[in-house]
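Read the structure below first, then the notes.
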Amino acid sequence: MSIDAAIIVPTYQDWNALQRCLDCLAEQSVEAHRIEIIVSNNNPDEEPPEGFALPANARWVWQPKAGSYAARNAALAEVRAPVVCFTDADCRPAPDWVARALALLEAEPQLDRIGGAIVLTPGGERWSVPELYDRLFNLRQARYVARGYAATANLIVRRAVFDEVGPFDASLFSSGDKEWNRRAGKAGFSLLYAGTVRVRHAARDSFAEHAAKRARVAKGRLRMRAAGGQANARPRTLFKYLLPSPGAVLRIVFCRGPSLAQRLSLLSFDYRLRRHEHDVTRTLLEQGLDGSRHR
């Protein structure tokens, strides 16, 4: 029987999260023989722990080159299915995730790419300040799609699009989804936000996790600017971090739900992240962009 969709999951030293993700993929409402799961391990020196359970319709790809986009490319090279579904090891796809995506693509023959909903969830009953910040500012898929791209935490693409546009830029450690989707958009391939095609994603619950993400994004942004010939990025890039972001302040002040104390904590949290991003960006500009992994 032919395979209708391939699911690509990159992973790096996160076995517990990956197991939970694969458990969700094993419970998809689409029959297992219609989908294949390709897990691209970005740390090939480490074997899965004892007791790790790979679904019967899943297999490994080993990618020694650092970076999640390199890992996705390694898996993509193995795909023969007409539809490719991307998610991350720390995501929990809904049981009807693949089914809804395939139904939408069948109903809309001219649709090439789907940016599905990414629902952030707290670790406990109450949202911590770092989790609230994540919910306010990150993985806002509907906003991303309106701007022409979609996060690979929940991206579904017809395989033929990659044949024309090419794979992800493996030199990027962040923003590779934005760069690839914008290439696809320029080539004329359509993109739609689908709120019913859902995955859950645990909200980041510490400053360290947010700081690591900021470092990756900063590096990805600088690489994209360098590729675009923006040689004057240094003064403009650094100066904006000296003051709080007006947009972030307005969003925190006028968002619904958080208490006054939480809003004040969110403002402080945002400014700490901006200063961290300033330091990271300055270091990258002074020392150059190498291939190191920022986590």
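Would you calculate the separation in nanometres between label points at residue 59 and residue 190, each defined as 7 Å from the Cα along the Cα-to-beta-carbon direction?
3.3 nm
Leaving ligands and nucleic acids out of the surface, order 20, 143, 113 by accessible area at 1.4 Å, largest first.
20, 143, 113
Starting at the first residue of the stretch 120-132, write each ³J(HN,Hα) from the Karplus equation 6.51 cos²θ - 1.76 cosθ + 1.60 with θ = phi - 60°, in whole Hz, x for Gly and Pro.
Once rounded to whole Hz, the list reads 7, 10, x, x, x, 6, 10, 7, 7, 4, x, 5, 4.
Search the structure for amide H atoms under 5 Å from the amide H of residue 8, placed 1.01 Å from N in the peptide plane, and list their residues when 5 or more places away or on another chain.
38, 85, 86, 87
Amide H to amide H, which residues 5 or more places from residue 61 or on other chains are under 5 Å from it, using H placed in the peptide plane?
It is 39, 40, 41, by chain and number.
With charges only on Cβ, +1 for K and R and -1 for D and E, what is the dipole size of the stretch 151-205 about its Cα centre, in debye, rounded to 20? Each step should come with its number before you reach the end.
Values: 9 positive and 6 negative charges, 40 e Å.
Roughly 200 debye, rounded to the nearest 20.
Any idea what angle helix 260-287 forms with the longest principal axis of the chain, computed on alpha-carbon atoms, 0 to 90 degrees, nearest 10?
Here the helix axis deviates by roughly 80 degrees.
How many percent of the accessible area of the chain is carbon or sulfur, using a 1.4 Å probe? Intermediate values should be presented prior to the final figure.
Working: 7220 of 14090 Å².
It is 51 percent, rounded to a whole number.
What residue among 243, 120, 192 has the largest mean-square fluctuation in a Gaussian network model of the chain, using Cα springs under 10 Å?
Highest fluctuation of the listed residues: 243.
What is the spin-label model distance, in nm, from residue 17 to residue 103 if the labels are put 7 Å beyond Cα along the C-beta direction?
3.0 nm
At 1.4 Å probe radius, can you tell me the per residue accessible area of the chain in Å²?
Averaged over the residues of the chain, the accessible area is 48 Å².
Rank 148, 10, 60 by how far each Cα sits towards the positive end of the charge dipole of the chain (+1 on Lys, Arg Cβ; -1 on Asp, Glu Cβ) and give me just the farthest.
Of the options given, the answer is 148.
Quick one: dipole size for the stretch 62-138, taken about the Cα centre, charges +1 on Lys/Arg Cβ and -1 on Asp/Glu Cβ, in debye to the nearest 20.
That gives a dipole near 180 debye.
For the chain, compute the number of Lys pairs whose alpha carbons are separated by less than 23 Å, excluding pairs fewer than 8 positions apart on the same chain.
Final tally of qualifying lysine pairs is 9.
If you take the beta carbon distance between residue 208 and residue 287 as r and set R0 to 25 Å, what does 1/(1 + (r/R0)^6) give as a FRET efficiency, to the nearest 0.05?
0.70
When the Cα centres of the stretch 154-228 and the stretch 1-51 are compared, how far apart do they sit, in Å?
20 Å
Positive end of the dipole of the chain, charges at C-beta (+1 Lys, Arg; -1 Asp, Glu), about the Cα centre: which of 192, 136, 109 has its Cα farthest in that direction?
Of the listed residues, the answer is 136.
Residue separation times 0.36 nm, minus the C-alpha to C-alpha distance between residue 256 and residue 279: what's the value? Intermediate results must be reported in sequence, preceding the final value.
Numbers: separation 23, 0.36 × 23 = 8.28 nm, distance 3.14 nm.
Roughly 5.1 nm would be gained on extension.
Hey, got the dipole for the chain? About the Cα centre, +1 on K and R Cβ, -1 on D and E Cβ, debye to the nearest 20?
1660 debye
Answer with a single label: of [x] 18.6; [y] 15.0; [z] 16.1, which was calculated as mean projected area of the Cα convex hull in nm² from the structure in view?
[z]
For the chain, take the longest principal axis of its alpha carbons; what is the angle in degrees between that and the long axis of helix 15-26, to the nearest 10 within 0 to 90?
That helix lies at roughly 40 degrees to the long axis.
Where does each of 130-137, 47-54 land if you order them by average Cβ count within 10 Å, highest first?
130-137, 47-54
The values are calculated or read from the model by the stated rules, or taken from the named source; none is laboratory data. None of the values given here were measured: they were computed from a predicted structure. All Cβ positions, glycine included, derive from the backbone under ideal geometry; neighbour counts span all protein chains shown. For the accessible areas, the whole protein counts, side chains as well, though only heavy atoms, and no ligand, DNA or RNA atoms are used. Shrake-Rupley method; radii C 1.70, N 1.55, O 1.52, S 1.80 Å.
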